[in-house]
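Readers should treat all values here as calculations from the given coordinates under stated rules, not as data from a laboratory. Model, not experiment: these values are computed from the prediction. Note that we place each Cβ from the backbone using ideal geometry, even for glycine, and neighbour counts take in every protein chain shown.
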Amino acid sequence: MAPMRATHKKRVLFICYSLSGQTNGLLLHLAAGMEEEGVEVVIERLRPLKPIRFPLGSTRTTIAMMLITFFRNLVPIAPLSEKTKEQYDLIILAGPTWSYHPSGPILSLLKFDGKRLFPNQTVLPVISCRGYWRMHWLGLRQLLKKYSARVPNKIVFSHPSKEPWRTLGVFLKLAGKNPERSKFMGKFYPKYGHTSDQHEEAFRFGKMIGNALTEDQPIEKLNFRTPLAMP
Ligand SMILES: Cc1cc2nc3c(=O)[nH]c(=O)nc-3n(C[C@H](O)[C@H](O)[C@H](O)COP(=O)(O)O)c2cc1C
């Protein structure tokens, strides 16, 4: 008789930050897909010590935030929960792009908890952005490698609206306006952020990851660069 393979339910820790709910929406679908494949999902949300409200409220605050974040300022976060001290088969590290970099709470996490969380751990970054993610990805991968994490792949979701409406739309939304409701702009910019098609794609990615984990297949080979994720 063939020897029985010791199996345990695969466990995935999601560490995430979301200011305007976009990363969060993607992750809920990603998690649901994994759970459907029998994977246990544990979610740890990063909480800034001084909460940042969305929308930021004015044009001036939005410009200031864009400038500050360009210099990769850290946003201090509350201590992580005990759940993060357990063993996981995979960590999903998810958050938005802020001025071409990872967001401040994720930068804080890397700086203060990176040494404990990431050595020899498989980490799959998930990025939600309006479309400009390359510098974010390269910087994040470098930081994770510094902590000896294994980074087998990445998931990037861009907002599907066309330029220049996408950039203008994000800016106005952050400043507290509703560009999608404007008679003129609404024609080119029907929605801020990700669409329900992209949520379905995130669910499908979740199933792919869940399946790869349960079958002990490499995550490297999974194709997340699809036209729906990166239109
Ligand atoms: C301060 C700030 C800077 C941003 N800079 C970028 C950027 O450089 N590139 C980009 O593609 N999106 C940028 N965005 C847009 C967000 O990445 C995008 O709206 C994302 O979907 C938000 O995710 P969240 O709701 O989970 O926070 C920026 C957003 C903020 C708040």
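How many of the residues making up region 103-126 are within 16 Å of the ligand (Cβ to nearest atom) and either in contact (Cβ under 8 Å) with a residue 40 or more places away in the chain or farther than 24 Å from Gly206 by Cα (or both)?
Selection size over region 103-126: 8.
Can you confirm whether region 9-28 contains a residue that is crowded, with 20+ Cβ neighbours inside 10 Å, in contact with a Leu (Cβ under 9 Å, 6 or more places away or on another chain), aromatic (Phe, Trp, Tyr) and part of a loop (DSSP other than H, G, I, E, B)?
Within region 9-28, one or more residues are crowded, with 20+ Cβ neighbours inside 10 Å, in contact with a Leu (Cβ under 9 Å, 6 or more places away or on another chain), aromatic (Phe, Trp, Tyr) and part of a loop (DSSP other than H, G, I, E, B).
Looking for something over 16 Å from the mean Cα position of the chain (by Cα) and under 14 Å from Cys16 (Cα atoms) - is there at least one such residue anywhere in region 84-93?
yes
Every residue in region 182-203 that is in contact with a helix residue (DSSP H, G or I) (Cβ under 8 Å, 6 or more places away or on another chain), more than 29 Å from Gly33 (Cβ to Cβ) and of a type in the set (Phe, Trp, Tyr), please.
Selection gives Phe188 alone.
Would you say Ala212 is among the small types (Gly, Ala, Ser), surrounded by 16 or more Cβ atoms within 10 Å (Cβ to Cβ), within 14 Å of the ligand (Cβ to nearest atom) and over 19 Å from the mean Cα position of the chain (by Cα)?
Here the answer is no, as Ala212 does not meet what is asked.
I'd like the full set of residues that are within 14 Å of Ser108 (Cβ to Cβ) and in contact with a Gly (Cβ under 8 Å, 6 or more places away or on another chain), limited to region 47-71.
Pro48, Thr69
Does region 175-203 hold any residues that are away from the ligand (no atom under 16 Å from the Cβ) and either under 14 Å from Ser20 (Cα atoms) or small (Gly, Ala, Ser) (or both), and which are they?
Result: Ser182, Gly186.
Filter region 127-174 for residues that are within 13 Å of the ligand (Cβ to nearest atom) and hydroxyl-bearing (Ser, Thr, Tyr) and give the result.
The answer is Ser128, Tyr132, Ser158, Ser161, Thr167.
Could you run through region 54-65 and say how many residues are without any contact (Cβ under 8 Å) to a residue 60 or more places away in the chain and within 11 Å of the ligand (Cβ to nearest atom)?
Of the residues in that region, 2 qualify.
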